[in-house]
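Accompanying notes for the structure given below.
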Amino acid sequence: MFDFDATMPLMAVQFLLLTVLLNAVFYKPLTKALDERDAYIRNNKATAKDSIAKAESIVKEYEAQIAAARKESQSIVEKAQAEAREITAQKIAEAQQAVQTQKEQAAQEIQQQKETALATLEQQVDSLSRQILEKILGPELVK
Amino acid sequence: MEILGGLTILNTFTLAELEVGEHFLWKIGNYTVHGQVFLVSWIVIGVLLIASLAATRNIQTVPGGIQNFMEYALEFIRDLTRNQLGEKEYRPWVPFVGTLFLFIFVSNWGGALIPWKLIKLPSGELAAPTNDINTTVALALLTSLAYFYAGFRKKGLGYFKKYIEPTPILLPIAILEDFTKPLSLSFRLFGNILADELVVAVLVLLVPLFIPLPVMALGLFTSAIQALVFATLAGAYIHEALEGHGE
(Lines give C-alpha, C1' and ligand atoms only; values in the text may rest on other atoms or scores of the structure.)
Protein backbone atom coordinates (compact mmCIF):
# COMPACT_ATOMS: atom_id res chain seq x y z
CA MET A 1 0.00 0.00 0.00
CA PHE A 2 2.80 2.41 0.85
CA ASP A 3 5.10 1.59 -2.02
CA PHE A 4 6.71 4.75 -3.22
CA ASP A 5 8.45 4.77 -6.56
CA ALA A 6 8.96 6.99 -9.58
CA THR A 7 5.18 7.55 -9.75
CA MET A 8 5.48 10.31 -7.18
CA PRO A 9 7.90 12.73 -8.91
CA LEU A 10 6.32 12.00 -12.28
CA MET A 11 2.89 12.71 -10.89
CA ALA A 12 4.17 15.97 -9.39
CA VAL A 13 5.63 17.02 -12.73
CA GLN A 14 2.46 15.99 -14.48
CA PHE A 15 0.37 17.98 -12.04
CA LEU A 16 2.50 21.09 -12.53
CA LEU A 17 2.14 20.62 -16.27
CA LEU A 18 -1.63 20.37 -15.84
CA THR A 19 -1.58 23.57 -13.79
CA VAL A 20 0.32 25.39 -16.51
CA LEU A 21 -1.95 24.03 -19.24
CA LEU A 22 -5.14 24.81 -17.35
CA ASN A 23 -3.79 28.26 -16.59
CA ALA A 24 -3.43 28.83 -20.32
CA VAL A 25 -6.72 27.33 -21.50
CA PHE A 26 -8.99 27.73 -18.48
CA TYR A 27 -8.05 30.23 -15.76
CA LYS A 28 -6.63 33.04 -17.86
CA PRO A 29 -9.29 33.24 -20.61
CA LEU A 30 -12.24 32.71 -18.30
CA THR A 31 -10.92 35.08 -15.64
CA LYS A 32 -10.45 37.63 -18.40
CA ALA A 33 -14.01 36.99 -19.58
CA LEU A 34 -15.35 37.38 -16.04
CA ASP A 35 -13.39 40.57 -15.44
CA GLU A 36 -14.47 41.98 -18.78
CA ARG A 37 -18.08 41.20 -17.97
CA ASP A 38 -17.65 42.86 -14.59
CA ALA A 39 -16.17 45.93 -16.24
CA TYR A 40 -18.94 45.93 -18.85
CA ILE A 41 -21.63 45.73 -16.20
CA ARG A 42 -19.93 48.38 -14.10
CA ASN A 43 -19.64 50.67 -17.13
CA ASN A 44 -23.26 50.18 -18.09
CA LYS A 45 -24.30 50.82 -14.52
CA ALA A 46 -22.24 54.00 -14.40
CA THR A 47 -23.71 55.17 -17.71
CA ALA A 48 -27.20 54.37 -16.50
CA LYS A 49 -26.54 56.27 -13.29
CA ASP A 50 -25.29 59.22 -15.34
CA SER A 51 -28.39 59.09 -17.51
CA ILE A 52 -30.61 59.00 -14.45
CA ALA A 53 -28.77 61.97 -12.94
CA LYS A 54 -29.06 63.85 -16.22
CA ALA A 55 -32.77 63.04 -16.50
CA GLU A 56 -33.31 64.15 -12.93
CA SER A 57 -31.51 67.44 -13.52
CA ILE A 58 -33.59 68.01 -16.64
CA VAL A 59 -36.76 67.26 -14.70
CA LYS A 60 -35.66 69.71 -12.01
CA GLU A 61 -34.94 72.35 -14.61
CA TYR A 62 -38.33 71.84 -16.21
CA GLU A 63 -40.01 72.00 -12.85
CA ALA A 64 -38.24 75.27 -12.14
CA GLN A 65 -39.36 76.58 -15.50
CA ILE A 66 -42.91 75.49 -14.84
CA ALA A 67 -42.86 77.17 -11.44
CA ALA A 68 -41.51 80.36 -12.96
CA ALA A 69 -44.15 80.30 -15.68
CA ARG A 70 -46.85 79.72 -13.13
CA LYS A 71 -45.63 82.65 -11.05
CA GLU A 72 -45.49 84.84 -14.13
CA SER A 73 -48.99 83.89 -15.20
CA GLN A 74 -50.27 84.55 -11.73
CA SER A 75 -48.70 87.97 -11.68
CA ILE A 76 -50.16 88.69 -15.12
CA VAL A 77 -53.59 87.64 -13.95
CA GLU A 78 -53.26 89.78 -10.84
CA LYS A 79 -52.13 92.76 -12.85
CA ALA A 80 -55.00 92.31 -15.28
CA GLN A 81 -57.46 92.01 -12.45
CA ALA A 82 -56.11 95.14 -10.80
CA GLU A 83 -56.30 97.00 -14.09
CA ALA A 84 -59.84 95.80 -14.64
CA ARG A 85 -60.81 96.90 -11.16
CA GLU A 86 -59.26 100.29 -11.74
CA ILE A 87 -61.04 100.67 -15.07
CA THR A 88 -64.40 99.70 -13.60
CA ALA A 89 -63.92 102.12 -10.73
CA GLN A 90 -63.02 104.88 -13.15
CA LYS A 91 -65.98 104.11 -15.38
CA ILE A 92 -68.33 104.01 -12.43
CA ALA A 93 -67.01 107.35 -11.20
CA GLU A 94 -67.40 108.86 -14.66
CA ALA A 95 -70.92 107.56 -15.03
CA GLN A 96 -71.86 108.86 -11.59
CA GLN A 97 -70.43 112.22 -12.44
CA ALA A 98 -72.33 112.31 -15.74
CA VAL A 99 -75.53 111.37 -14.01
CA GLN A 100 -74.93 114.05 -11.41
CA THR A 101 -74.36 116.74 -13.99
CA GLN A 102 -77.44 115.66 -15.94
CA LYS A 103 -79.44 115.68 -12.77
CA GLU A 104 -78.24 119.12 -11.88
CA GLN A 105 -78.96 120.36 -15.38
CA ALA A 106 -82.44 118.89 -15.29
CA ALA A 107 -83.11 120.45 -11.88
CA GLN A 108 -81.92 123.81 -13.17
CA GLU A 109 -84.14 123.53 -16.23
CA ILE A 110 -87.11 122.59 -14.10
CA GLN A 111 -86.45 125.58 -11.84
CA GLN A 112 -86.21 127.86 -14.84
CA GLN A 113 -89.39 126.52 -16.41
CA LYS A 114 -91.12 126.80 -13.08
CA GLU A 115 -90.05 130.39 -12.81
CA THR A 116 -91.20 131.21 -16.34
CA ALA A 117 -94.43 129.39 -15.73
CA LEU A 118 -94.96 131.33 -12.52
CA ALA A 119 -94.14 134.60 -14.31
CA THR A 120 -96.61 133.89 -17.09
CA LEU A 121 -99.12 132.85 -14.51
CA GLU A 122 -98.68 136.14 -12.63
CA GLN A 123 -99.11 138.06 -15.81
CA GLN A 124 -102.30 136.25 -16.60
CA VAL A 125 -103.69 136.57 -13.06
CA ASP A 126 -105.12 140.11 -13.65
CA SER A 127 -106.84 139.33 -16.90
CA LEU A 128 -108.13 136.08 -15.57
CA SER A 129 -109.47 137.64 -12.41
CA ARG A 130 -111.13 140.30 -14.52
CA GLN A 131 -112.67 137.70 -16.71
CA ILE A 132 -113.86 135.79 -13.66
CA LEU A 133 -115.32 138.94 -12.20
CA GLU A 134 -117.03 139.78 -15.52
CA LYS A 135 -118.51 136.37 -15.62
CA ILE A 136 -119.81 136.49 -12.12
CA LEU A 137 -120.92 140.10 -11.81
CA GLY A 138 -121.64 140.84 -15.46
CA PRO A 139 -119.76 143.20 -17.66
CA GLU A 140 -121.64 146.32 -16.59
CA LEU A 141 -120.63 146.19 -13.03
CA VAL A 142 -117.04 145.62 -13.63
CA LYS A 143 -116.44 148.92 -15.28
CA MET B 1 -25.75 -28.54 4.85
CA GLU B 2 -27.33 -27.80 1.52
CA ILE B 3 -27.52 -24.12 2.38
CA LEU B 4 -23.84 -24.06 3.12
CA GLY B 5 -23.20 -25.81 -0.15
CA GLY B 6 -25.21 -23.09 -1.88
CA LEU B 7 -23.06 -20.48 -0.22
CA THR B 8 -19.87 -22.05 -1.51
CA ILE B 9 -21.34 -22.12 -5.00
CA LEU B 10 -22.20 -18.44 -4.66
CA ASN B 11 -18.66 -17.74 -3.59
CA THR B 12 -17.27 -19.27 -6.75
CA PHE B 13 -18.81 -16.40 -8.71
CA THR B 14 -16.50 -13.48 -8.09
CA LEU B 15 -18.61 -10.47 -8.87
CA ALA B 16 -16.04 -8.36 -7.11
CA GLU B 17 -12.74 -8.96 -5.49
CA LEU B 18 -10.35 -7.01 -3.38
CA GLU B 19 -7.02 -6.02 -4.77
CA VAL B 20 -4.93 -3.75 -2.64
CA GLY B 21 -1.28 -3.10 -3.21
CA GLU B 22 -1.20 -4.71 -6.62
CA HIS B 23 -0.04 -2.47 -9.40
CA PHE B 24 0.19 -2.46 -13.12
CA LEU B 25 3.90 -1.74 -13.15
CA TRP B 26 5.71 -0.03 -15.94
CA LYS B 27 9.48 0.05 -16.05
CA ILE B 28 11.29 3.21 -17.10
CA GLY B 29 15.01 2.58 -16.89
CA ASN B 30 15.71 1.46 -13.35
CA TYR B 31 12.52 2.89 -12.02
CA THR B 32 9.03 1.50 -11.81
CA VAL B 33 5.87 3.52 -12.08
CA HIS B 34 2.27 2.59 -11.37
CA GLY B 35 0.73 2.42 -14.80
CA GLN B 36 -2.90 2.26 -13.67
CA VAL B 37 -2.52 5.54 -11.78
CA PHE B 38 -1.13 7.28 -14.84
CA LEU B 39 -3.74 5.84 -17.19
CA VAL B 40 -6.61 7.19 -15.10
CA SER B 41 -4.85 10.46 -14.38
CA TRP B 42 -4.43 10.99 -18.11
CA ILE B 43 -8.14 10.47 -18.56
CA VAL B 44 -8.79 12.98 -15.76
CA ILE B 45 -6.40 15.47 -17.33
CA GLY B 46 -8.02 14.87 -20.71
CA VAL B 47 -11.48 15.53 -19.28
CA LEU B 48 -10.32 18.76 -17.65
CA LEU B 49 -8.52 19.99 -20.75
CA ILE B 50 -11.38 19.11 -23.10
CA ALA B 51 -13.93 20.79 -20.82
CA SER B 52 -11.72 23.89 -20.56
CA LEU B 53 -11.13 24.04 -24.29
CA ALA B 54 -14.83 23.58 -25.02
CA ALA B 55 -15.65 26.35 -22.56
CA THR B 56 -13.09 28.86 -23.82
CA ARG B 57 -13.16 28.06 -27.54
CA ASN B 58 -15.80 30.67 -28.22
CA ILE B 59 -16.11 33.01 -25.24
CA GLN B 60 -19.26 35.09 -25.20
CA THR B 61 -20.33 37.98 -23.04
CA VAL B 62 -23.53 36.17 -22.16
CA PRO B 63 -22.35 32.67 -21.24
CA GLY B 64 -24.25 29.55 -22.12
CA GLY B 65 -23.85 25.78 -21.89
CA ILE B 66 -20.38 24.54 -21.07
CA GLN B 67 -18.96 28.05 -20.76
CA ASN B 68 -21.53 28.84 -18.10
CA PHE B 69 -20.72 25.66 -16.24
CA MET B 70 -16.97 26.24 -16.32
CA GLU B 71 -17.46 29.86 -15.28
CA TYR B 72 -19.44 28.59 -12.34
CA ALA B 73 -16.55 26.25 -11.51
CA LEU B 74 -14.06 29.08 -11.86
CA GLU B 75 -16.08 31.38 -9.64
CA PHE B 76 -16.31 28.63 -7.06
CA ILE B 77 -12.53 28.19 -7.16
CA ARG B 78 -11.94 31.93 -7.02
CA ASP B 79 -14.22 32.29 -4.03
CA LEU B 80 -12.48 29.40 -2.31
CA THR B 81 -9.04 30.90 -2.92
CA ARG B 82 -10.14 34.40 -1.99
CA ASN B 83 -11.67 33.19 1.25
CA GLN B 84 -8.37 31.61 2.23
CA LEU B 85 -5.83 34.08 0.87
CA GLY B 86 -7.69 37.36 1.07
CA GLU B 87 -8.63 39.85 -1.62
CA LYS B 88 -5.09 41.20 -2.07
CA GLU B 89 -3.05 38.05 -2.59
CA TYR B 90 -5.40 35.48 -4.04
CA ARG B 91 -5.14 36.06 -7.77
CA PRO B 92 -1.76 34.44 -8.57
CA TRP B 93 -2.69 31.38 -6.50
CA VAL B 94 -6.01 30.65 -8.18
CA PRO B 95 -4.49 28.31 -10.81
CA PHE B 96 -2.58 26.21 -8.28
CA VAL B 97 -5.32 25.85 -5.67
CA GLY B 98 -7.95 25.54 -8.37
CA THR B 99 -6.09 22.81 -10.21
CA LEU B 100 -5.62 20.94 -6.93
CA PHE B 101 -9.37 21.05 -6.40
CA LEU B 102 -10.30 20.16 -9.97
CA PHE B 103 -7.78 17.35 -10.31
CA ILE B 104 -8.67 15.74 -7.00
CA PHE B 105 -12.38 16.22 -7.50
CA VAL B 106 -12.47 14.79 -11.01
CA SER B 107 -10.13 11.96 -9.97
CA ASN B 108 -12.31 11.03 -7.00
CA TRP B 109 -15.57 11.15 -8.89
CA GLY B 110 -14.05 9.45 -11.90
CA GLY B 111 -12.84 6.65 -9.67
CA ALA B 112 -16.27 6.33 -8.08
CA LEU B 113 -18.52 6.77 -11.09
CA ILE B 114 -16.76 5.08 -14.00
CA PRO B 115 -17.01 1.26 -13.94
CA TRP B 116 -13.28 0.62 -14.26
CA LYS B 117 -13.78 -3.07 -13.49
CA LEU B 118 -14.95 -3.58 -17.05
CA ILE B 119 -11.43 -2.85 -18.29
CA LYS B 120 -9.09 -5.69 -17.45
CA LEU B 121 -5.45 -4.97 -16.77
CA PRO B 122 -2.72 -7.63 -16.60
CA SER B 123 -2.36 -6.83 -12.92
CA GLY B 124 -3.82 -4.32 -10.53
CA GLU B 125 -6.95 -2.40 -11.35
CA LEU B 126 -7.95 1.02 -12.60
CA ALA B 127 -9.21 3.35 -9.89
CA ALA B 128 -9.05 6.94 -8.79
CA PRO B 129 -5.47 8.21 -9.01
CA THR B 130 -5.96 9.67 -5.54
CA ASN B 131 -6.16 6.24 -3.96
CA ASP B 132 -2.46 5.79 -4.64
CA ILE B 133 -0.21 7.22 -1.94
CA ASN B 134 2.24 8.43 -4.59
CA THR B 135 -0.31 10.82 -6.06
CA THR B 136 -1.43 12.30 -2.76
CA VAL B 137 2.13 12.68 -1.50
CA ALA B 138 3.10 14.34 -4.76
CA LEU B 139 0.23 16.82 -4.40
CA ALA B 140 0.98 17.42 -0.71
CA LEU B 141 4.70 18.02 -1.37
CA LEU B 142 3.82 20.43 -4.15
CA THR B 143 1.60 22.25 -1.65
CA SER B 144 4.55 22.45 0.78
CA LEU B 145 6.79 23.78 -1.96
CA ALA B 146 4.07 26.25 -2.91
CA TYR B 147 3.77 27.74 0.54
CA PHE B 148 7.53 27.89 1.02
CA TYR B 149 7.78 29.62 -2.35
CA ALA B 150 5.01 32.02 -1.36
CA GLY B 151 6.73 32.83 1.95
CA PHE B 152 10.17 33.33 0.41
CA ARG B 153 8.91 35.44 -2.44
CA LYS B 154 7.00 37.72 -0.07
CA LYS B 155 9.56 38.06 2.73
CA GLY B 156 12.83 36.62 1.49
CA LEU B 157 14.84 35.07 4.30
CA GLY B 158 12.67 36.94 6.76
CA TYR B 159 10.27 34.07 6.23
CA PHE B 160 12.28 32.07 8.78
CA LYS B 161 11.40 34.62 11.44
CA LYS B 162 7.98 33.06 11.70
CA TYR B 163 9.55 29.98 13.28
CA ILE B 164 10.73 31.95 16.32
CA GLU B 165 8.34 34.82 16.14
CA PRO B 166 6.02 34.56 19.14
CA THR B 167 8.67 32.73 21.17
CA PRO B 168 11.66 30.55 20.23
CA ILE B 169 10.34 27.88 22.57
CA LEU B 170 7.88 26.87 19.88
CA LEU B 171 10.65 26.38 17.31
CA PRO B 172 10.50 22.56 17.37
CA ILE B 173 6.75 22.62 16.94
CA ALA B 174 7.01 25.15 14.12
CA ILE B 175 9.52 22.92 12.35
CA LEU B 176 7.40 19.88 13.02
CA GLU B 177 4.45 21.65 11.42
CA ASP B 178 6.25 21.72 8.09
CA PHE B 179 6.37 17.94 8.19
CA THR B 180 2.92 17.30 9.57
CA LYS B 181 1.24 19.53 7.01
CA PRO B 182 2.08 17.46 3.90
CA LEU B 183 1.78 14.27 5.91
CA SER B 184 -1.73 15.02 7.08
CA LEU B 185 -2.75 16.38 3.68
CA SER B 186 -1.59 13.32 1.79
CA PHE B 187 -2.78 10.72 4.27
CA ARG B 188 -6.17 12.32 4.74
CA LEU B 189 -6.88 12.23 1.02
CA PHE B 190 -5.31 8.84 0.46
CA GLY B 191 -7.04 7.27 3.45
CA ASN B 192 -10.46 8.65 2.67
CA ILE B 193 -10.47 7.64 -0.96
CA LEU B 194 -8.93 4.23 -0.43
CA ALA B 195 -11.21 3.51 2.52
CA ASP B 196 -14.23 4.57 0.52
CA GLU B 197 -13.28 2.30 -2.36
CA LEU B 198 -12.53 -0.57 0.02
CA VAL B 199 -15.85 -0.20 1.83
CA VAL B 200 -17.70 -0.19 -1.47
CA ALA B 201 -15.67 -3.17 -2.68
CA VAL B 202 -16.33 -5.14 0.49
CA LEU B 203 -20.03 -4.38 0.43
CA VAL B 204 -20.25 -5.30 -3.23
CA LEU B 205 -18.45 -8.53 -2.38
CA LEU B 206 -20.97 -9.34 0.35
CA VAL B 207 -24.21 -8.04 -1.21
CA PRO B 208 -23.79 -7.34 -4.89
CA LEU B 209 -27.01 -5.42 -5.51
CA PHE B 210 -28.57 -2.21 -4.15
CA ILE B 211 -27.18 -2.38 -0.61
CA PRO B 212 -23.88 -0.67 -1.52
CA LEU B 213 -25.70 2.21 -3.23
CA PRO B 214 -26.08 4.43 -0.13
CA VAL B 215 -22.42 3.85 0.68
CA MET B 216 -21.51 4.75 -2.89
CA ALA B 217 -23.54 7.97 -2.58
CA LEU B 218 -21.80 8.69 0.69
CA GLY B 219 -18.51 7.99 -1.12
CA LEU B 220 -19.35 10.61 -3.74
CA PHE B 221 -20.07 13.09 -0.97
CA THR B 222 -16.81 12.26 0.82
CA SER B 223 -14.86 12.53 -2.42
CA ALA B 224 -16.17 16.02 -3.09
CA ILE B 225 -15.53 17.07 0.51
CA GLN B 226 -11.97 15.72 0.39
CA ALA B 227 -11.21 17.68 -2.77
CA LEU B 228 -12.59 20.79 -1.10
CA VAL B 229 -10.65 20.13 2.11
CA PHE B 230 -7.38 19.59 0.26
CA ALA B 231 -7.73 22.78 -1.77
CA THR B 232 -8.91 24.80 1.23
CA LEU B 233 -6.04 23.63 3.41
CA ALA B 234 -3.53 24.31 0.63
CA GLY B 235 -4.94 27.84 0.43
CA ALA B 236 -4.81 28.21 4.20
CA TYR B 237 -1.16 27.09 4.35
CA ILE B 238 -0.18 29.49 1.59
CA HIS B 239 -2.04 32.25 3.39
CA GLU B 240 -0.23 31.43 6.62
CA ALA B 241 3.12 31.62 4.85
CA LEU B 242 2.18 34.97 3.32
CA GLU B 243 0.92 36.52 6.53
CA GLY B 244 3.26 35.08 9.15
CA HIS B 245 2.61 35.07 12.87
CA GLY B 246 3.08 38.73 13.54
CA GLU B 247 -0.12 39.88 11.92
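The values are calculated or read from the model by the stated rules, or taken from the named source; none is laboratory data. Everything quoted here is computed from the prediction, not taken from an experiment. Virtual Cβ from ideal backbone geometry, glycine too; neighbours counted across all protein chains shown. With ligands, DNA and RNA removed, areas are computed over all heavy atoms of the protein, side chains included. Shrake-Rupley method; radii C 1.70, N 1.55, O 1.52, S 1.80 Å.
Structure notes:
- Qualifying position, being polar (S, T, N, Q) and more than 9 Å from chain B (Cβ to nearest Cβ), among A:Gln14, A:Gln74: A:Gln74
- Single unsatisfied condition, B:Gln60 versus (1) touching a helix residue (DSSP H, G or I) at 6+ places or on another chain (Cβ under 6 Å); (2) at the interface with chain A (Cβ under 10 Å from one of its Cβ atoms): (1)
- Test for A:Ala39: is it at pLDDT 90 or above, assigned to a helix (DSSP H, G or I), more than 14 Å from chain B (Cβ to nearest Cβ) and open to solvent by less than 90 Å² (accessible area, probe 1.4 Å): no
- Look at (1) in contact (Cβ under 8 Å) with a residue 24 or more places away in the chain; (2) open to solvent by less than 80 Å² (accessible area, probe 1.4 Å); (3) within 13 Å of the chain's Cα centre (by Cα) and you find that B:Phe187 fails only one, number (2).
- Check on B:Ile45, modelled with pLDDT of 90 or more and in a helix (DSSP H, G or I): yes
- Scanning the range A:13-33 for residues that are farther than 20 Å from B:Val47 by Cβ and not charged (D, E, K, R) yields a count of 2.
- Single match in B:Ile193, B:Ile211, B:Ile238, B:Ile225 (criterion: over 16 Å from B:Trp109 (Cβ atoms) and under 18 Å from the mean Cα position of the chain (by Cα)): B:Ile238
- Checklist (1) at pLDDT 90 or above; (2) not in a helix (DSSP H, G or I) applied to B:Phe187, failing item: (2)
- Check on A:Ile58, open to solvent by 90 Å² or more (accessible area, probe 1.4 Å), assigned to a helix (DSSP H, G or I) and more than 30 Å from B:Leu139 (Cα to Cα): no
- Answer residue from the range B:201-230, given it is of a type in the set (Val, Ile, Thr) and free of Cβ contacts under 8 Å to residues at least 24 places away in the same chain and is nearest to B:Phe76 (Cα to Cα) among those: B:Ile225
- Of all the criteria given as (1) open to solvent by less than 80 Å² (accessible area, probe 1.4 Å); (2) modelled with pLDDT of 95 or more; (3) not small (Gly, Ala, Ser), the one not satisfied by A:Gln97 is (1).
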